[in-house]
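One structure is given here, and the rest of the page talks about it.
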């Protein structure tokens, strides 16, 4: 038995606040609604995988305390295991009043009645958000979420590299990179981790198959043809660095691209933050010409199959726990409205270090703010690529993708 499992067992046996639910999650009794100071407590889980999450968490806490001194905000940090199963750091096991939920989980939370339809007091009109953001907050025609971020994989490259423009298929990408790229000529891409590889597999399936029923059938039954798309990406990555477990979920790949040590970068838009930070570090970038700056970079849809690409995205939305009622529900709605504030959004999109975070806000009006575009010129093009994208969600989808990713991880380790 692992040390963590032993600890959970001890807590279950000796603490009245700890037990195991039917779904296998550790179950912790919710804290009292009123804190010792007399302020009401609102517990919120924020999506952790954003640049400088610690700073953003502190900023949210500070601003909310100023605006609502009668509410004590407690932020749950799930950065250790948000997507993993059956631990107290897994979002499916978390205990909160408000969750910032990746759309891969939305069907699970809604159909299993862990959350409630979004209260009208927390809703911005649909036309205030990107179209895919609204789609990723709805289950069965019912709006459960208030969208906050959207994300998906893109292909980034130097604007001067005309051969990387307008690629439509994975064959086009392989031809542009070349069969055996020399040092500095390959792709910078992270091909490690169950969730990462499962997502790329799904992305390839969305490219290949015309509707969700077809895609879902090839998630339920493993498709070696889709795996071959990921093998093709592995074979043209920069000096095979994409399979380095020490670099998984680090800024390494973005920095390779930013330092011109890779031809192109595959990743979420926020990976550009790591690339652009490099140019501000004289130790890593001694001359202006050595590293890419924002105006040097272009972006296209990522082709992951032989069919023309159909963009896939995820949506992170604020949803409300089913047990949050009455005053808790009113406080939850107040928090969600607070998070829609433009100034708060901008505090993370353009942090104090001046390097754009390049996160994609769900709120549509931010894409035309000149103060944002002056620092991050790709926002309009990123919006044009992602707004019409597919937003997959289904019961058990996260676990299915992690199982697929586990198999692909093993296969990609073979020559």
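Coordinate-derived values only; no laboratory data. What you see is a predicted model; the values in this text were computed from it and never measured. Backbone-built Cβ (ideal geometry, glycine too); neighbour counts: all protein chains shown.
Over the chain, the reciprocal of the mean inverse Cα-Cα separation, the Kirkwood hydrodynamic radius, stands at 22.4 Å. Mean residue ellipticity, 222 nm, helices only, the chain: the sum of -39500 (n - 2.57) across DSSP H runs of n ≥ 4, divided by residue count and rounded to 500, is -10500 deg cm²/dmol. Compared with the dominant principal axis of the Cα atoms in the chain, helix 326-339 is inclined by about 30°. Using only Cα atoms, find the angle between the long axis of helix 194-208 and the longest principal axis of the chain, and express it within 0 to 90 degrees, rounded to the nearest 10. The answer is roughly 60 degrees. For the chain, the relative contact order is 25 percent, taking Cα pairs closer than 8 Å that sit 6 or more residues apart in sequence and dividing their mean separation by the residue count. Highest mean packing comes first when the peptides 293-299, 198-204, 188-194, 281-287 are listed by Cβ atoms within 10 Å, giving 198-204, 188-194, 293-299, 281-287.
Write down the percent of antiparallel bridges among all DSSP beta bridges whose residues are both part of the stretch 154-312, to the nearest 5. Once the DSSP bridges in the stretch 154-312 are tallied, antiparallel ones form about 75 percent. For the chain, DSSP calls about 70 percent of its internal beta bridges antiparallel. How far is helix 3-14 tilted, in degrees, relative to the longest principal axis of the Cα atoms in the chain, given as a value from 0 to 90 rounded to the nearest 10? It works out to around 10 degrees. Descending by average beta-carbon neighbour count within 10 Å, the peptides 301-309, 272-280, 399-407, 218-226 line up as 272-280, 301-309, 399-407, 218-226, the highest first.
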